Amino acid sequence: MALKFITAQEAAEFVNDGDNVGFGGFTPAGCPKVVPHAIAERARKEHEAGRSFKIGVFTGASTGDRLDGELARANAVKFRTPYQSSKDLRKLINDREVQYFDLHLSMLAQELRYGFYGPINVAIIEAADVTEDGEIVPTTGVGILPTVCRLADKIIVELNARHPKEIRGMHDIAEPLDPPHRRDMPVYKPSDRVGQPFVKVDPSKIVGIVKTDEPNDDKGFAPLDETTLAIGHNVAKFLVSELKAGRIPKEFLPLQSGVGNVANAVLGALGNDENIPAFNVYTEVIQDAVIGLMKKGRVKFASGCSLSVSRETILDIYKNLDFFKDKILLRPEEYSNNPEIVRRMGVITINTALEADIFGNVNSTHVTGTKMMNGLGGSGDFTRNAYISIFTTPSVAKEGKISAFVPMVSHLDHSEHSVKVIISEYGIADLRGKSPIQKAHEIIENCAHPDYRPLLREYLERGIKGHTPHDLDACFAFHKAFMENGDMKTVDWSKYPKK
Ligand code: 0RQ
């Protein structure tokens with residue numbers, strides 16, 4: 001079947017008001033750019049003409065600004081799932097102008113197949129290559145691409161010339177059967193391939209191909225500062241001591257490291273610690289630090305669902321494809337984040353918390369329990385199934401006015417049962433085998449900022465009884481102090497009668 005090339009504007013005409021649209025990609029990497037932008041333009045025109053135009057948006061995770069940002073600014077989003085990190089979309093979500101629901105990333109593809117969220121009318125994906133018989137080679141982010149292509153009535157492809165056709169071979173594309181027919185997902189080590197290097201679609205569903213050479217809407221990383229360096233150093237120190245104690249096998253275990261600045265710094269620190277042997281990465285997002293370590297021989301192999309790296313790094317990879325091609329594998333998030341595989345391989349997971357409480361519960365998503373930040377992402381997929389789950393966080397946020405360690409988290413994403421170790425720039429709280437009160441002492445004395453330690457100790461010293469000694473009148477006193485005075489340090493325990 002001959003390939004049909006169209007413009008982004010023509011592509012946008014295939015999307016109707018009320019449609020559910022599934023986008024390929026993961027983080028800005030691999031996300032379509034020019035077609036979402038054209039859909040936003042179309043929405044604006046429809047709104048000016050007094051007609052409604054909003055779509056449901058399913059993505060792999062966060063996207064680039066031309067997808068979430070443009071659609072949000074055009075008021076073209078009916079609902080959105082799963083992870084997002086766009087400032088403009090976040091505002092609409094928190095104003096409840098966009099209905100947003102958050103879920104574990106590994107579950108989205110299967111739940112779409114189960115029919116939980118209705119049909120996928122259109123799939124819009126970015127590709128490095130597409131053939132007449134319907135073989136599509138994704139670019140640097142996979143996400144839910146294979147599933148939305150299979151479920152959609154219509155497929156629109158952005159063929160991006162920035163990504164060489166030769167990256168064919170860097171992907172491992174598979175979709176499991178659904179229950180009751182599902183078998184094991186046979187990934188036993190990070191480099192195991194279980195699928196094909198392309199997505200096979202029914203070519204008659206490809207309604208058009210839009211040629212582009214647009215770069216990803218990426219932001220790059222903040223330079224390392226004292227805090228992130230200290231956190232990285234503490235994570236490395238903890239893992240070295242576990243290795244020495246024989247609690248981690250001497251050949252080491254695959255690592256997963258979360259998104260963002262802290263995660264990138266942590267991986268850098270681990271890679272540069274010669275006490276840790278060269279290791280494999282089984283993760284969701286492969287960031288710049290992994291590529292740097294690969295070049296030094298410190299990372300042997302990386303499996304992920306997105307190669308979310310800076311423009312310089314992607315150029316470096318494409319220039320040296322022969323070196324990188326057998327060291328990187330990009331899979332759908334259903335595989336990269338799969339709990340079965342994570343548990344089997346014994347992945348050591350490192351994710352970032354917004355806040356943790358002194359009993360080891362973690363909030364990754366909601367500022368003061370109400371405002372959505374980004375979403376859960378893959379943190380739960382990995383944490384719950386980890387060999388050892390680690391959460392990192394700077395001890396304070398917003399110039400010290402917010403403590404990352406509070407009496408009770410204002411929203412719960414990862415419970416004390418799944419959280420094994422917490423690490424800040426001050427130290428390591430090893431929560432394994434400890435009772436709630438022991439965990440509280442460990443977290444306060446090792447991780448909390450010194451300014452907040454007396455305030456947290458005071459909470460425990462108020463004579464509260466019980467296995468997990470909470471005072472339900474006072475457990476959110478830190479948050480209340482912040483909301484009232486803009487600083488958690490202003491908490492005044494005398495306002496709360498002692499029990
Ligand atoms: O605000 O952006 O205004 O400066 O939150 O915080 O410290 O820069 O950390 O970029 O790593 O993000 C949890 C959001 C951390 C992220 C979170 C403010 C702080 C700053 C960012 P500014 P940092 P990071 C999947 C991995 C969930 C999903 C996940 C995340 C901004 O890591 O989305 O884990 N995680 N995915 O000032 C109010 C607090 C705050 C706070 C920080 N307690 N209250 N604001 N901030 N703490 C698995 C993979 O494999 C990828």
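Take the alpha carbon atoms of segment 1-144, find their radius of gyration, then divide it by 2.2 N^0.38 Å using N residues; give the quotient.
Numbers: Rg = 14.7 Å, N = 144, 2.2 N^0.38 = 14.5 Å.
Computed over Cα atoms of segment 1-144, the ratio equals 1.01.
Around Ile248, which amide H atoms from residues at least 5 apart in sequence, or from another chain, sit under 5 Å from its own amide H, with H modelled in the peptide plane?
Sorted by chain and number, the residues that satisfy this are Leu243.
What nm distance separates the two modelled labels at Asp192 and Asn75, each placed 7 Å from Cα along Cα→Cβ?
5.1
State, in angstrom, two size descriptors of segment 164-278 derived from its alpha carbons: Rg to one decimal place and Dmax to the nearest whole number.
In Å, with Rg to one decimal and Dmax whole: 20.4, 59.
Tell me the Kirkwood radius of segment 244-323: reciprocal of the mean inverse pair distance over distinct alpha-carbon atoms, in Å. Before the final figure, lay out each step's value.
Values: mean 1/r = 0.0766 Å⁻¹.
It is 13.1 Å.
What shape does segment 399-446 have by the C-alpha gyration tensor, where a ≥ b ≥ c are the square roots of the eigenvalues, rounded means a/c under 1.5, and otherwise prolate means a/b greater than b/c and oblate the rest? Don't skip to the end; give the middle numbers.
Numbers: a/c = 1.77, a/b = 1.23, b/c = 1.44.
Judged from the Cα gyration tensor, segment 399-446 comes out oblate (a/c at least 1.5, b/c at or above a/b).
In deg cm²/dmol, rounded to 500, what helix-only [θ] at 222 nm does the chain give when every DSSP H run of at least 4 residues adds -39500 (n - 2.57) and the total is split over its residues? Could you put the intermediate results ahead of the total?
Numbers: 17 runs with 143 residues, N = 499.
Calculated at 222 nm, the ellipticity per residue is -8000 deg cm²/dmol.
Want the number for His441 to Thr468: 0.36 nm per residue separation, take away the alpha-carbon distance, what's left? Numbers along the way, then the final one.
Values: separation 27, 0.36 × 27 = 9.72 nm, distance 1.24 nm.
Fully extending the segment from His441 to Thr468 adds 8.5 nm.
Once you have the Kirkwood Rh of segment 332-387 from its Cα pairs, apply Stokes-Einstein at 10 °C and 1.306 mPa s and quote D in µm²/s. Please report the intermediate quantities before stating the final value.
Values: Rh = 12.3 Å.
Answer, rounded: 129 µm²/s.
Could you pull out every one of the aspartates and glutamates with an alpha carbon less than 13 Å from that of Lys4, ignoring same-chain neighbours closer than 8 positions?
Within the straight-line cut-off, Lys4 pairs with Glu132, Asp133, Glu158.
If amide H atoms are built 1.01 Å from N in the plane of the peptide, which residues on other chains or at least 5 residues away come under 5 Å of the amide H of Glu355?
Sorted by chain and number, the residues that satisfy this are Asn363.
Test of understanding: extend the Cα→C-beta vector of Lys237 to 7 Å, then name every residue of segment 432-451 with backbone N under 15 Å from that spot.
443, 445-450
Just to check I understand the Karplus step: with θ = phi - 60° and J = 6.51 cos²θ - 1.76 cosθ + 1.60, what whole-Hz values come out for segment 116-124, glycine and proline as x?
Those phi angles translate into 5, 10, x, x, 9, 7, 9, 10, 10 Hz.
Compute the accessible area per residue over the chain, keeping the other protein chains in place, probe 1.4 Å, unit Å². Kindly include the intermediate steps, with their values, before the conclusion.
Working: 19630 Å² over 499 residues.
Accessible area per residue, the chain: 39 Å².
Structure shown: which of Lys45/Lys165; Lys244/Lys439; Lys87/Lys189; Lys54/Lys480; Lys398/Lys439 lie over 29 Å apart, alpha-carbon to alpha-carbon? Numbers along the way, then the final one.
Working: Lys45/Lys165 36 Å; Lys244/Lys439 23 Å; Lys87/Lys189 37 Å; Lys54/Lys480 37 Å; Lys398/Lys439 26 Å.
Distance filter (> 29 Å) returns Lys45/Lys165; Lys87/Lys189; Lys54/Lys480.
Once you put a point 7 Å from the Cα of Asp451 and another 7 Å from the Cα of Ala2, both along the Cβ direction, what distance in nm separates them?
Here the answer is 6.9 nm between the modelled labels.
Express the carbon and sulfur contribution to the solvent-accessible surface of the chain as a percent, rounded to the nearest whole number, probe 1.4 angstrom. Could you put the intermediate results ahead of the total?
Values: 10150 of 19630 Å².
The C+S portion of the solvent-accessible surface of the chain is 52 percent.
Quick one: Karplus J couplings for segment 44-60, per residue in order, coefficients 6.51, -1.76, 1.60, θ = phi - 60°, nearest Hz, x for Gly and Pro?
Karplus-based 3J(HN,Hα) across segment 44-60 equals 4, 5, 4, 5, 4, 7, x, 9, 7, 7, 9, 10, x, 10, 10, 10, x Hz.
Pull up all non-local amide H partners of Ile124: gap of 5 or more, or a different chain, and H-to-H distance under 5 Å with H placed in the peptide plane.
Gly22, Phe23, Gly24, Ile156
Quote to one decimal, in nm, the extra length available between Glu251 and Asp178 on full extension: 0.36 nm per residue of separation minus the C-alpha distance between them. Working shown, then result.
Numbers: separation 73, 0.36 × 73 = 26.28 nm, distance 3.47 nm.
Contour length minus Cα-Cα distance gives 22.8 nm.
When the Debye formula is applied to the Cα atoms of segment 218-273, each taken as the same point scatterer, what base-10 log of I(q)/I(0) results at q = 0.20 Å⁻¹?
One equal scatterer on each Cα of segment 218-273 leads to -0.73.
Give me the one-decimal Kirkwood hydrodynamic radius in Å for the chain, with the sum taken over alpha-carbon pairs.
Working: mean 1/r = 0.0426 Å⁻¹.
Mean inverse Cα-Cα distance, inverted, gives 23.5 Å.
If you scale each eigenvalue of the Cα gyration tensor by 5 and take the root, what three semi-axes come out for segment 290-375, rounded to whole angstrom and sorted largest first? Mind showing how you got there, number by number?
Working: eigenvalues 193, 58, 33 Å².
Each semi-axis is the square root of five times an eigenvalue, giving 31, 17, 13 Å.
Just to make sure I understand: if all protein chains stay in place, what is the order of Glu111, Glu132 by accessible area at 1.4 Å, largest first?
Numbers: Glu111 25, Glu132 100 Å².
Largest to smallest exposure gives the sequence Glu132, Glu111.
The values are calculated or read from the model by the stated rules, or taken from the named source; none is laboratory data. If you're wondering where the values come from, they're calculated on a predicted model, not measured in any experiment. Because the Cβ atoms are built from the backbone with ideal geometry, glycine has one as well, and the counts that use them run over all protein chains shown. The accessibility values were calculated without ligands, DNA or RNA, using every heavy atom of the protein model including side chains. Shrake-Rupley method; radii C 1.70, N 1.55, O 1.52, S 1.80 Å.
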